[in-house]
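S.K.: Just dropping this structure here.
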Amino acid sequence: MHNIAILIPAAGASARMRGRDKLTENVDGVPLLRRQALRAKATGAHVAVTLPDWNHPRAEALQGLPVQVIEVPDSDLGMSASIRRGVGHLPRGLKAVVILPGDMPEIETADIEKLIHSFQSIPFPMLQQATAEDGTPGHPVLFPADCFMALQTLTGDHGARDILKMNAHRLRHVALPGRRALTDLDTPEAWLAWRAANDDTCLTG
């Protein structure tokens with residue numbers, strides 16, 4: 001996995017949480033961002049996390065972890081800023097990057113590994129997009145190295161959707177169990193409903 005990177009964009013404003021930060025919400029007793037980083041590190045891949053700045057409160061959630069932290073001073077420009085700067089500061093010589101949203105608490109290490117193994121199982125570079133069990137496209141998404149230049153020219157706040165469209169002819173869907181690939185929590189209501197559905201007293205904010 002040493003020639004694969006996992007990028008967790010975590011420089012957004014969490015605006016829809018109305019004063020709370022979705023990435024520092026506790027899941028299984030740890031902040032969600034730390035949990036995501038730990039699951040990414042368990043793959044053996046290089047892990048990078050974007051933050052608005054190195055002194056942001058989210059940095060505390062990553063304390064002591066061997067991850068690359070990348071500052072995004074123009075984070076107010078949207079998700080594209082995180083991806084642009086994140087990909088631009090990754091180590092050289094990588095074969096692919098997995099973009100793993102920070103607000104998806106159901107993604108497991110095995111899910112990330114499934115994308116990577118799917119990429120490694122074929123002799124030519126294909127994009128790998130996680131889907132729900134029913135085939136609905138979701139996240140994370142793996143981009144081969146020949147997409148890095150395009151990722152570094154993104155604008156706006158809708159991520160890499162256009163790159164997926166342009167590469168539809170070489171996009172492979174990888175089904176994950178249930179709705180893991182679709183479950184993102186970016187409002188207090190979404191967190192409340194998810195915690196109620198999981199019925200776990202550890203999942204407290």
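What follows is calculated from the coordinates using simple rules that are stated; it is not laboratory data. Keep in mind that what you see is a predicted model, and the values were worked out from it rather than measured. With ideal geometry, Cβ positions are generated from the backbone for all residues, glycine too; neighbour counts draw on all protein chains shown.
S.K.: Between exposed GluC sites (Glu not before Pro) in the chain, where DSSP calls loop and at most 14 other Cβ atoms lie within 10 Å, what's the longest gap?
M.R.: On the way: sites that count: E108, E133.
It runs 1-107.
S.K.: Of all trypsin sites (Lys or Arg not before Pro) in the stretch 62-147, which ones are in loop regions per DSSP and have a Cβ with at most 16 other Cβ atoms within 10 Å?
M.R.: Numbers: sites: R84, R85, R92, K95, K114; in loops: R92, K95.
Passing both the DSSP loop test and the Cβ count: R92, K95.
S.K.: Give me the Kirkwood hydrodynamic radius of the chain, using the inverse of the mean 1/r over all pairs of distinct Cα atoms, in Å to one decimal. Don't skip to the end; give the middle numbers.
M.R.: On the way: mean 1/r = 0.0588 Å⁻¹.
So the Kirkwood estimate lands at 17.0 Å.
S.K.: When the Karplus curve 6.51 cos²θ - 1.76 cosθ + 1.60 is applied with θ = phi - 60°, which whole-Hz ³J(HN,Hα) does each residue of the stretch 30-43 get, with x for Gly and Pro?
M.R.: Coupling constants for the stretch 30-43: 10, x, 3, 4, 5, 4, 4, 5, 5, 5, 5, 4, 5, 6 Hz.
S.K.: Going Cα to Cα from K41, which lysines come in below 24 Å? Please leave out same-chain ones fewer than 8 positions away.
M.R.: By straight Cα distance, K41 reaches K22, K95, K114.
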